[in-house]
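**Q** The following block contains the structure, expressed as structure tokens.
No lab work stands behind these numbers, since they all come straight from the coordinates. As the structure is a prediction and not an experimental result, all values here were calculated from the model. Because the Cβ atoms are built from the backbone with ideal geometry, glycine has one as well, and the counts that use them run over all protein chains shown.
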Amino acid sequence: MNPEPLVFSMSQIKTYVECKKRAQLAYEMLLQPNVSDEAAMSKGTAFHKYAQYQTSQRWPHLEKVEKPEVSEETVGLYDSWWEHRGRTQHDAKKRVLGVEKPIYTLLNIKTGILGQAVYLRCTFDEIYLDKEGWIVGFDYKTYKVDSSPDVDLDFQGRIYIAALQRLFPDYPVRFEYERVRQSAPGTPRGNAQGLRLEEGTWWTYNKAGDKRKRSEIWTPAECYETIILTADQDELDVLWNETLFNATELIVRRRVSETTPGAWGRTTDKFACGFCYFKALCKADLKNTLDDQTIDLLATRRTPLETPEELKEGCSDGLQQT
Ligand code: SF4
């Protein structure tokens, strides 16, 4: 019997490339920092969960997802997105192959243990086959403040394409981001405290309570954007080889760290540290005070994800293709 396979998630590899210390805290020690500013994050998560539930209802062959407990605001955001975008997108799909289901792609690297396989786990919000024969990896990106991404710098999206391409070698593959503003079309812009709805029109008031002006409202074009990412084979090969190298390096570093301190080094990018959820744990570790008591104060311990049985027995892509 072969040894249990190693599974690396795409976010683990990404974190590893960004900062070894963060990768150690997040994926070796399995710590989840206790952060207070989760409002925007949980709003996005709620949207994802509700969209997942809705998609599973619309495709009879998909495993049904239980209806999540989400706010009316989230339901409204989704319904609005469906009216303006989702219905048209749905009509262009031939079949949804998976919703929030991880796919596992074999990485052709050696671990030093005979017969041990290594997989990359990529989790898409959705994978579908469109009516023109493309396999599409699809992710929602909700946002509060707009900042247009540079698609040419989206290396992670290209690695997702490369992973999908290995599962579907006979199909053209693309990746799509569906950007959804956390304000629906028709809702007013500006500070919620200064806004009042009067006979169907939004008005902006100042602190003294004086009506200032009619509020502008968000338009559909300002609330939704589909970003389509394709890549040529050379780009995909380069990024796939880089992924193989990073995964190999991670395996080696893991082994070296058993006997050598300092293997999980910190980034010197102060900008990255400023935005890092792990900074309190990282500081405590620098002072050598990251003991069990500190960990319990600053973080929650995650349980590792189970390796799927099918993976232990052989290759599986985790999709519902029948
Ligand atoms: S604070 Fe900086 S060095 Fe520490 S884990 Fe975060 S990114 Fe890495």
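**Q** Where the centre of each part is set by its Cα atoms, how far does region 49-77 sit from region 110-142, in angstrom?
**A** Taking the Cα centre of region 110-142 as reference, the centre of region 49-77 is 22 Å away.
**Q** Quick check for me: using +1 on Lys/Arg Cβ and -1 on Asp/Glu Cβ, what's the dipole size of the chain about its Cα centre, in debye to the nearest 20? Please report the intermediate quantities before stating the final value.
**A** Values: 43 positive and 49 negative charges, 171 e Å.
Using only the charged Cβ atoms, the result is roughly 820 debye.
**Q** At a Förster radius of 51 Å, what calculated FRET efficiency corresponds to the Cβ-Cβ distance of Ile109 and Arg189, to the nearest 0.05?
**A** 0.55
**Q** Further question on the same structure: Report the label-to-label distance for Lys207 and Lys64 in nanometres (one decimal), using points 7 Å from each Cα along the Cα→Cβ vector.
**A** Between Lys207 and Lys64, the label points sit 5.4 nm apart.
**Q** As I understand it, the dipole of the chain uses +1 on the Cβ of Lys and Arg and -1 on the Cβ of Asp and Glu, about the Cα centre. Which of Gly98, Leu25, Ala208 lies farthest toward its positive end?
**A** Farthest along the dipole direction, towards plus: Ala208.
**Q** Going through the cross-link list Lys14/Lys287; Lys14/Lys64; Lys67/Lys131; Lys67/Lys101; Lys14/Lys131, which pairs have a Cα-Cα distance over 23 Å in this structure? Can you show the working numbers first?
**A** Working: Lys14/Lys287 26 Å; Lys14/Lys64 31 Å; Lys67/Lys131 28 Å; Lys67/Lys101 17 Å; Lys14/Lys131 32 Å.
Checking Cα-Cα distances, Lys14/Lys287; Lys14/Lys64; Lys67/Lys131; Lys14/Lys131 exceed 23 Å.
**Q** Using the Cα centre of the chain as origin and beta-carbon charges of +1 (Lys, Arg) and -1 (Asp, Glu), tell me which of Val238, Pro149, Thr307 is placed farthest towards the positive end of the dipole.
**A** Pro149
**Q** Given only helices, namely DSSP H runs of n ≥ 4 each adding -39500 (n - 2.57), what is the per-residue ellipticity at 222 nm of the chain, to the nearest 500 deg cm²/dmol? Intermediate results must be reported in sequence, preceding the final value.
**A** Numbers: 12 runs with 114 residues, N = 322.
That comes out to -10000 deg cm²/dmol.
**Q** Something else: Could you work out how much longer the chain between Gln116 and Asp150 gets when fully extended? Use 0.36 nm per residue separation minus the Cα distance between them, nm to one decimal.
**A** Numbers: separation 34, 0.36 × 34 = 12.24 nm, distance 3.78 nm.
Extra length available between Gln116 and Asp150 comes to 8.5 nm.
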